[in-house]
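Here is the structure we will look at, set down as structure tokens.
The values are calculated or read from the model by the stated rules, or taken from the named source; none is laboratory data. Predicted model only: the values in this text are computed from it and were never measured. Cβ coordinates were reconstructed from backbone atoms using ideal geometry, including for glycine residues, and neighbour counts include every protein chain displayed. Protein only, heavy atoms only, side chains kept; ligands, DNA and RNA dropped before computing areas. Shrake-Rupley method; radii C 1.70, N 1.55, O 1.52, S 1.80 Å.
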Amino acid sequence: MIPMSLAEIAAAVDGTLVGGDPATLVTGSVEFDSRKVGPGGLFVAFAGEKADGHDFAGPARAAGAVAVLGTRATEGPSVVVGDTLAAMGRLARAVVDRLPQLTIVGVTGSSGKTSTKDMMVGLLSQVGPTVGPPGSFNNELGLPHTVLKVDESTRFLVLEMGARGIGHITYLCEIAPPTISAVVNVGVAHIGEFGSVEAIATAKSEIVRALRPGGVAVLNADDERVRAMAEQTEATVVLAGEASDAIIRADQVHLDDRGRASYTLSTPDGRASVRLRVSGRHQVGNSLLAAAVARSAGMEPADVAAALSAHTPASTRRMDVFDRPDGVTVIDDSYNANPGSMAAALHALVAMGDGRRRLAVLGYMAELGEQEQEGHRQVGRVAAELGVDRLVVVGAQAAPIHDAAVAIPNWGGESVVVSDQDAAVAWLRESLQPGDVVLVKGSRYRTWTVADTLRGEEIPAVTP
Ligand SMILES: Nc1ncnc2c1ncn2[C@@H]1O[C@H](COP(=O)(O)OP(=O)(O)O)[C@@H](O)[C@H]1O
Ligand SMILES: [Mg+2]
């Protein structure tokens, strides 16, 4: 964080300084995990259900924390507030307000936020010092935590913004008002909480409505609900996608046998060849959004293309493709799932497995609410229509995937429902053959054991 005195911090968070010198400077990072605290840092204590952060004030101070921010005073300098989470947001906003040179990029969407954010961080790092969150730190805790990592040298701050309801993104944008906002897509992720796709579109559109004056809205030209957001902002709109009216476009898209796309990046400033090293057709759109943001930051097309072509997956369990010594190729996309990202991954499986046997181990998709049945059925239909050879559906809750797949006439594949991940592993142990391509995907942790076992090569593929 930029150096701030305890007096300045207390003022920023509307808190009371207890037992400390107001002039003491916080120069280190702001952490809510006492194990991450370093010299000169600020420890933020949350009173959670399982543990009370205030109990870790001692170790945090021993690790170098100069003060503790929490809802009660602990031994040593403390900044006491009514609401720790709100205080973190306020502190982050105070830091943003002190750094007028900072360009803030906000990214939202139903699927692909993290993948796109990682590409943006990769590109913008070529232009100047860039801060972005690790993995998916995209909520009211992870976002201010990331913001608090910036300092005077930071030029770009890339923030993933997640939403589980109306107003969530507005709140995140109040902490860090974006200069550039990018929207990947509007799908049905978390529809259980939202109620309808329209509500999801409204929630995502908050990111363009919150743009600073003179800001730029980067919109996915290939998603109708995202395009429609152009009407909701005064900002300059940049359409990116494969649609013919997109300003930042991909022409001549080809996929290699790993599902990695090559294309010609077309921009008003020129064209350049891109050869992505991340798998899946959907990465084309993600990379175009990143290219549009990089262009707004002044990057030339050739440099954008070179950086995109050098970009490798930065966050785990997302389209992580690896070959095992027995000739089996695994697509570990198990981080999380919703019907949109399932379809994207199934397309990648089919593109990648030309002439090979294609298997998909698919788990339950959480948080679909009333769309639960239909969401799972949709995935089963897509799998069968794409001609996936074997479906292994993990858990009874995911069974509608199986039901819908086997109902597709003339599907040449087979499907099985197994009780849990161990049973899926047992099935693979029996059935995996050299040359197979296996996609593993489900909502958070529901297929992680399967993916990890395949990575550990504990399942030998047997030649039939
Ligand atoms: N543009 C996209 N459209 C559909 N699915 C996508 C897209 N980009 C990534 N995915 C898939 O969505 C899942 C989540 O990706 P991630 O980048 O972590 O998104 P998020 O941060 O929005 O959850 C992964 O399985 C990934 O392969
Ligand atoms: Mg994410």
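Tally the residues that are polar (S, T, N, Q) and not in a loop (DSSP other than H, G, I, E, B), restricting the search to the stretch 317-339.
Final tally of qualifying residues: 1.
Name the one entry in Gln371, Gln433, Gln378, Gln397 that is within 26 Å of Gly327 (Cα to Cα), open to solvent by 10 Å² or more (accessible area, probe 1.4 Å) and either of a type in the set (S, T, N, Q) or in contact with a helix residue (DSSP H, G or I) (Cβ under 9 Å, 6 or more places away or on another chain) (or both).
Sole residue among the options that is within 26 Å of Gly327 (Cα to Cα), open to solvent by 10 Å² or more (accessible area, probe 1.4 Å) and either of a type in the set (S, T, N, Q) or in contact with a helix residue (DSSP H, G or I) (Cβ under 9 Å, 6 or more places away or on another chain) (or both): Gln433.
Being open to solvent by 30 Å² or more (accessible area, probe 1.4 Å), free of Cβ contacts under 8 Å to residues at least 40 places away in the same chain and either hydrophobic (A, V, I, L, M, F, W, C) or closer than 24 Å to Leu143 by Cβ (or both) is the filter here; which residues of the stretch 47-81 pass it?
Ala47, Gly48, Glu49, Lys50, Ala51, Asp52, Phe56, Ala62, Ala63, Thr71, listed by residue number.
Hey, can you tell me all the residues within the stretch 225-252 that are open to solvent by 70 Å² or more (accessible area, probe 1.4 Å) and farther than 25 Å from Thr264 by Cβ?
Arg225, Glu231, Gln232, Glu234
Quick check on the stretch 161-186: of everything there that is part of a helix (DSSP H, G or I) and away from ligand 2 (no atom under 15 Å from the Cβ), which residue is most open to solvent (accessible area, probe 1.4 Å)? Walk me through it before giving the result.
Restricting attention to the stretch 161-186, the residues satisfying the condition of being part of a helix (DSSP H, G or I) are 168-175.
Next, only the ones that are away from ligand 2 (no atom under 15 Å from the Cβ) stay: 170-171, 173-175.
Working: Thr170: 54, Tyr171: 78, Cys173: 7, Glu174: 106, Ile175: 6 Å².
Out of the qualifying residues, it is Glu174.
Is at least one residue of the stretch 288-304 part of a helix (DSSP H, G or I), more than 21 Å from Pro134 (Cα to Cα) and among the charged types (D, E, K, R)?
For the stretch 288-304, residues part of a helix (DSSP H, G or I), more than 21 Å from Pro134 (Cα to Cα) and among the charged types (D, E, K, R): present.
Could you figure out which of (1) polar (S, T, N, Q); (2) surrounded by fewer than 17 Cβ atoms within 10 Å (Cβ to Cβ); (3) over 27 Å from Ala306 (Cβ atoms) isn't true of Ser125?
Against the list (1) polar (S, T, N, Q); (2) surrounded by fewer than 17 Cβ atoms within 10 Å (Cβ to Cβ); (3) over 27 Å from Ala306 (Cβ atoms), Ser125 comes up short only on (3).
Condition check: surrounded by 21 or more Cβ atoms within 10 Å (Cβ to Cβ) and farther than 18 Å from Gly109 by Cβ. Does Leu346 satisfy that?
Spelling it out, Leu346 is indeed surrounded by 21 or more Cβ atoms within 10 Å (Cβ to Cβ) and farther than 18 Å from Gly109 by Cβ.
Of all residues in the stretch 144-160, count the ones that are open to solvent by less than 10 Å² (accessible area, probe 1.4 Å) and more than 9 Å from Ile104 (Cα to Cα). Break it down stepwise before answering.
Of the residues in the stretch 144-160, the ones open to solvent by less than 10 Å² (accessible area, probe 1.4 Å) are 144, 146-148, 150, 154, 156-160.
Narrowing further to those that are more than 9 Å from Ile104 (Cα to Cα): 144, 146-148, 150, 154, 160.
Residues meeting the conditions: 7.
Of everything in the stretch 100-112, what is open to solvent by 10 Å² or more (accessible area, probe 1.4 Å) and away from ligand 2 (no atom under 16 Å from the Cβ)? Give them in sequence order.
Pro100, Gln101, Leu102, Thr103
Does Ser115 count as surrounded by 23 or more Cβ atoms within 10 Å (Cβ to Cβ), within 11 Å of ligand 1 (Cβ to nearest atom) and either of a type in the set (A, V, I, L, M) or not in a loop (DSSP other than H, G, I, E, B) (or both)?
yes
Test of understanding: among Ala291, Ala302, which residue is of a type outside the set (Ser, Thr, Tyr), more than 16 Å from ligand 2 (Cβ to nearest atom) and open to solvent by less than 60 Å² (accessible area, probe 1.4 Å)?
Exactly one of Ala291, Ala302 is of a type outside the set (Ser, Thr, Tyr), more than 16 Å from ligand 2 (Cβ to nearest atom) and open to solvent by less than 60 Å² (accessible area, probe 1.4 Å), namely Ala291.
Name the one entry in Ala344, Ala314 that is out of contact with any strand residue (DSSP E or B) (no Cβ under 6 Å at 6 or more places or on another chain), in contact (Cβ under 8 Å) with a residue 60 or more places away in the chain and in a helix (DSSP H, G or I).
Only one candidate qualifies: Ala344.
Could you run through the stretch 11-56 and say how many residues are in a helix (DSSP H, G or I) and either at positive phi or among the hydroxyl-bearing types (Ser, Thr, Tyr) (or both)?
Adding up the residues that qualify gives 1.
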